[in-house]
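Chemist: Below you will find the structure I want to go over with you.
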Amino acid sequence: MKLLEPIVAWHHDISKIRRDIHAHPELAFEEFRTADVVAAKLEEWGIEIHRGLGGTGVVGIIRGNQPGDRAVGLRADMDALPMQEVNTFAHASKNDGKMHACGHDGHTAMLLAAAQYLSQHRDYAGIVYVIFQPAEEGGGGAKRMIDDGLFTRFPMEAVFGMHNWPGMKPGQFGLTPGPIMASSNEFSITVKGKGTHAGMPNLGVDPVMAAVQLAQSLQTIITRNRNPLDAAVLSITQIHAGSADNVVPNHAELRGTVRTFTLDVLDLIERRMEEISRHTCAAMDCEVDFKFQRNYPPTINHPGEAEFCADVLRDIVGEANVNANVQPTMGAEDFAFMLQELPGCYVWIGNGTGDHRDSGHGLGPCMLHNGSYDFNDELLPLGGTYWVQLALKRLAKA
């Protein structure tokens, strides 16, 4: 493993920053303290900063000492999740009901390590933009930053992202050309009937039976309308109806999520869901209110950039530790919005299985969005090295 020695030497200090951020988690668009920590460190290292994009976002501009105007962007997310941490070690969350359970504290720290190195070793041509983004966890902070002028105010030729991945060994990376994470979408379907006494259902219109029929019919989209070779998930996760055993209610509601790797499949599913909902409810004498919300598009790596990142990683950790055709996941990531605007690639860095956790960790697994999770500080020099080598090789690329 070829790590940059200055970043290795800073391991303790970067770990302290990471653990401080972990102990003070902030939710989407509330990352005021975290942004202050990031901005203070960048300024300490002589990096020009710009604040306010996406609300609490921070962008650092690191210019090389050689002539050249090429530019590349490196992105980390800063927000935490609205959940309770069950760990009791010293750096556990001090903010009740908020937790860094997805490793964004580690993502921020790895990019800070790279920023410090790039600020102190400027013998390169071009500009590296370090992008610290708010609100990845459902808030669409990437899109907010783009809407606020991220790529117009800071023109760059490509942008790159990274996420820790539990279950993958430390020192290993995963990526793939094309889709690596799915689109995230949610729906709500309200079936409107006419309430009545449950002993006299003929006097009303039962929305519960219509909802049950609809729940089954919607699955035919996946089994009969979708090409079997196109990955997709349609999950009904909530059904709400009624309040008493002897009452047929006026309404029934179905809610859930749809995940796809392509927008064409997403278009098909949304269209068929609306059609099936409307016709099924009409056949059962009910009305329907169908709502479909597209949250994040699929995260689709550009093939050229994916191969470039794989080559950078092979130089650092060796061929055997780079899975360049990793199996995608149906999880979602708002870095997708950035990849819709510019070429780039999103990679996973192995976080291990939890053996790294300090005493005082919870009894649950060290998985993303679990109350026992903690980022693996062993990754900080490796992630920082990757960011630096990626930026320098991209700027030097013919």
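The values are calculated or read from the model by the stated rules, or taken from the named source; none is laboratory data. Since this is a predicted model, take the numbers as computed values, not measurements. Here Cβ is always computed from backbone atoms with ideal geometry, including for glycine, and neighbour counts include all displayed protein chains.
Chemist: Where the second residue is surrounded by fewer than 17 Cβ atoms within 10 Å (Cβ to Cβ) and of a type outside the set (Ser, Thr, Tyr) and the first is in a helix (DSSP H, G or I) and lies in segment 328-345, which pairs have Cβ atoms under 6 Å and are six or more apart or on separate chains?
Modeler: GLU341/PHE151
Chemist: Being surrounded by fewer than 19 Cβ atoms within 10 Å (Cβ to Cβ), within 30 Å of ARG394 (Cβ to Cβ) and in contact with a Cys (Cβ under 9 Å, 6 or more places away or on another chain): is that true of ALA306 here?
Modeler: The answer is no for ALA306.
Chemist: Here is a list: LEU382, LEU313, LEU395, LEU390. Which entry is over 22 Å from the mean Cα position of the chain (by Cα), buried (at least 18 other Cβ atoms within 10 Å of the Cβ) and part of a helix (DSSP H, G or I)?
Modeler: LEU395
Chemist: Tell me, which residue of segment 168-227 that is part of a loop (DSSP other than H, G, I, E, B) and out of contact with any strand residue (DSSP E or B) (no Cβ under 6 Å at 6 or more places or on another chain) is surrounded by the most Cβ atoms within 10 Å (Cβ to Cβ)?
Modeler: Selected residue: THR176.
Chemist: I'm checking my understanding of the structure. Among residues of segment 237-263 that are without any contact (Cβ under 8 Å) to a residue 24 or more places away in the chain and not in a loop (DSSP other than H, G, I, E, B), which one is nearest to ASP334 (Cα to Cα)?
Modeler: THR237
Chemist: As an exercise: evaluate PRO207 against (1) free of Cβ contacts under 8 Å to residues at least 60 places away in the same chain; (2) in contact with a helix residue (DSSP H, G or I) (Cβ under 9 Å, 6 or more places away or on another chain); (3) not β-branched (Val, Ile, Thr) and give the number of the one condition it does not meet.
Modeler: Going through (1) free of Cβ contacts under 8 Å to residues at least 60 places away in the same chain; (2) in contact with a helix residue (DSSP H, G or I) (Cβ under 9 Å, 6 or more places away or on another chain); (3) not β-branched (Val, Ile, Thr) one by one, PRO207 breaks only (1).
Each row is one residue, and each column tells you yes or no for (1) surrounded by fewer than 23 Cβ atoms within 10 Å (Cβ to Cβ); (2) touching a residue at least 60 places away in the same chain (Cβ under 8 Å); (3) in contact with a Lys or Arg (Cβ under 8 Å, 6 or more places away or on another chain).
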{"site": "ILE49", "(1), (2), (3)": "yes, no, no"}
{"site": "THR56", "(1), (2), (3)": "no, yes, no"}
{"site": "ILE61", "(1), (2), (3)": "yes, yes, no"}
{"site": "GLY64", "(1), (2), (3)": "yes, yes, yes"}
{"site": "ASP69", "(1), (2), (3)": "yes, no, no"}
{"site": "GLY73", "(1), (2), (3)": "no, yes, no"}
{"site": "PRO82", "(1), (2), (3)": "yes, no, yes"}
{"site": "ALA101", "(1), (2), (3)": "no, yes, no"}
{"site": "ASP105", "(1), (2), (3)": "no, yes, yes"}
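Chemist: I need every pair where a residue in segment 20-43 that is assigned by TED's automatic domain parsing to the domain that holds ILE61 and free of Cβ contacts under 8 Å to residues at least 60 places away in the same chain has its Cβ under 9 Å from the Cβ of a residue that is in a helix (DSSP H, G or I) and among the polar types (S, T, N, Q), sequence separation at least 6 or different chains.
Modeler: Partner pairs satisfying both residue conditions: VAL37/THR108.
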